[in-house]
Every structure is written in C-alpha cells, then in structure tokens.
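Report on the following structure.
Bear in mind that the values in this text are calculations on the coordinates, not laboratory data. Keep in mind the model is a prediction, meaning the values are calculated, not measured. Positions of Cβ are generated from backbone atoms using ideal geometry, with glycine treated the same way; all protein chains shown enter the neighbour counts.
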C-alpha cells in the first residue's frame, strides 16, 4: 500500500481529484447541450485519461529506480494533460459560456486562441523544467523564417481566414457566389471556408482563394431584409401589344399569394428583347428564402402561364413550314367537337343550367372561355364589378370575406360547381373574394354571351332567379347574416328577379 501511495504521489499532484471533477462536469454539460461536439469531446476525454494513465506509468518507472526517465516521462504527460484541459476549456467557453451572453465568435478565433494557449502552456512547462527560453527564442527566429517560407499556402489560408472574419466580408449563414459555386456559408475555419450548395454538396474553398478572387454576397443589402432578385423569362408573339402582356402578367403576380415571393419590392414584368419570332419578357421578383430558388421560379412560371391563358394569349412555338391537307381539317373538327362535348358535360352538372335545352347548352358551351388559375391566384375580388360567371371543373377555391376586423374564410367550393352568378345576372359587385386553394381549371361565361339566350326565352329569368335566391340564402347563412337570411324568400325572389330583368333589359 505504501508503494502505491509513493507511485501516486510522484505521478499525480494533490489537486488531481478537483481537476478530474471539473473536467467531467464540463464534459457533461457539453454532451448534454452540444451534440455536435460529442465526437470531439470523446476524443479529448480519452486523451485526458490516457495522460493520467501515462503519469501513473511514470510513477512506476520512478519506483523501479529510473529517476531520469521517470522525470522526462512525467513532464511529457503533464504537458499532454494540460493540452487536453485547454482543448476542453476552449470547447466549454466558446460553445457554452459565450452563447449564453449572445456572443458567437467564429471558429477560426477559437482555433487560434487554443493554439496560442498550447504554445504558452508549453513555454511555461519548459521554464518550469529549467530550460533557458532566451536561446530558444533566438534559434526559433531562424526556424520560423524557414517554416514561413515553406508553408506559404497554409499561412495564406490562416491569414485569409482572419481577414475575412475581421472585415466581416461575410458571416456564417450568408449565401455567397464564388466563381461557379453558389451556397450557404456553414463554417469558417483556419484553413478553409465550407459552403453547402442546394445540390446537397459541401464545397470547401481555401481562404487564400477567397482572398484573391471576387465573390458576391447574395440577398444582402444594408438595412434591408434578406431577399434576392430572380428573373423568370418567357416569350410572347409580336401580335400581342407589349403593354397588354406586362399589365396582365404583373397584375396577376402581384395579386397572387405565392410563397417566398416578397411583397416589397413588388414583382414586375418588363419586355427585355426582340427575338426572331417573338418578344422576350421577364418577371423580376424578390426571393425571401435563397434555398428555394427553382421551386419558386416554377411557381412564378405557373402563374405567368395561367394569366396568359386566361387572357387568350398563347406562348409562341417555333415557326415551321407545313403543308395543310384535308385530313388536318378533320382532326381540328374532331378536336373541337370533343372540347364542346366536354363543356356541355360540365354545364349539365351545374344547377343553373339544368333547365337549358340541348341547343341552348351548345350555344353556351361555344361561348365559354377557358380560364386556368394557379394555387394562390385571386379569381375574383370583393367589391369588383365583373359580369362573369365561373364554372369550376377542376380544383378547389376558398371564399374569403374581407371585413374591418380582417379576412374571414367563409367556405370552400369544390369542383364541379360555379360562382360569380350575381355579377353576371344582376351586375352586382362581388360580395366576397375567391382565391384558388389548389390549381384550378374554370370556364368563364360573360353577360354578352348569355344575353342572346335569355332574350330568346325571357321566362328563363324566372327559373334562374330561383337558383340565385337559393345560393344567396346559403351565402347569408354561412356569413351568419341572420337578418338577411330570415327575410322571406318571396321578397328576395322579387328583388333579384327585378335586378335580372333590369340588367338584361327584359
């Protein structure tokens, strides 16, 4: 027992128990709150306890009578033990203490300070061992010059990393473009900067390269939120006036609720160039999440396409010389017949047209305008005056009532259905806003197309009024408008019928 005590007294200093306790406490906190450093923590703890074992071995060597070797071995493991404690202290200070006071220094600063602490610790132990440091300092000047010359690239990376951090060129979390690499900065180390791209890649760029080349910090402007301007290109035939194209597309994009598209600055549409057979346009919008560029571009293109389709504007196709034959006319006629039958089938599912004759349904079908909408588009706006009826064939919409207290979703309309009947039949302003909950396909029927039918059979006004009264009662019930809902249907019928006759001049 006395021999074990002598070995322990030589190997370990008297405060070793306190040191082990502090090390274990710091390690426990790091393990609990910082999972990202657990691997480094395990390696550091393993190294620390290996050094403790080495110190015990030095005690055994001393007990065997090899005093000189034991002293050298003991000093070596003391230095190594101190380095393990310094590494653990660096992790604890930079990962636990500084974040508590809302300080997040860069990783390169942590690395440099830890290395500096290693050097100071080594010099302290050399001084303690009786080594004259003045001679070492003189000799090290020459060695330093040789090392600096042979490690120019490494030193350039270190100094480059320090320069990037000190002048705040970019920070962790910024999106940058360096040459052909675009990505998010996730780490700045003493040798390199790590960038994560949208392709799930991590690109490691030496700091010296970043110091020598031009790079752009994306979506960053002083005093402004992070957002990046994107360009979405499309072409339209020369037969359509540019002012009409830009107004249609710009109004549609600004009115739609497209995720990740900033409201300010507002999106805009401009004509950029003249191609061989069409004019080239671009929608410019500001992206609020730089990681989702392509999906948001796709959503904007969808809104461009549907806005142009509603206006009857087709995207151009490459010009070709073709020979027209009779067979082509037959195919066009067959395609037209199929589309007309599809429209008639959609009309038969709508209560408003259940009393129409076959010829009347055919006339209405010929007058319908295809009107697709993308998710988030505003189909009708509360208070607007538009003499259109919408026949919903695919998708789902939300009916939103705008009040002084905010917006309130009244209900959803699923295909097959219709809305906007009061606007077409009476000229009344829209009573609510209808937005596309999903991608939507509609047909649009205007007053002019319907007018000839109702004039040829005036009694139809009475039949249609019954449907309008039922729809109005349903709407008032959803709106909790008890006073309006409790009015007699006869009174509502009389009022709406008068509005229909007056609007159509019956």
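Would you mind giving the average projected area, over all directions, of the Cα convex hull of the range 1-133 in nm² with one decimal? Write down the numbers at each step before the final one.
On the way: hull surface 37.9 nm².
Averaging across all directions leaves 9.5 nm² for the Cα convex hull.
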Can you compute the FRET efficiency between residue 408 and residue 80 using 1/(1 + (r/R0)^6), with r the Cβ-Cβ distance and R0 = 56 Å? Round to the nearest 0.05. 0.20
Using the Kirkwood radius over Cα pairs of the range 228-310, the Stokes-Einstein translational diffusion coefficient at 25 °C and 0.890 mPa s, in µm²/s and rounded to a whole number, is 191
Where Rh is the Kirkwood radius over Cα pairs, Rg/Rh for the range 11-78: 1.11
Can you tell me how the range 346-459 classifies by the Cα gyration tensor, rounded, prolate or oblate, using a/c under 1.5 as the rounded cut? prolate
Using alpha-carbon positions, the gyration tensor of the range 167-218 gives root eigenvalues a ≥ b ≥ c; with a/c under 1.5 called rounded, otherwise prolate if a/b exceeds b/c, else oblate, the class is rounded
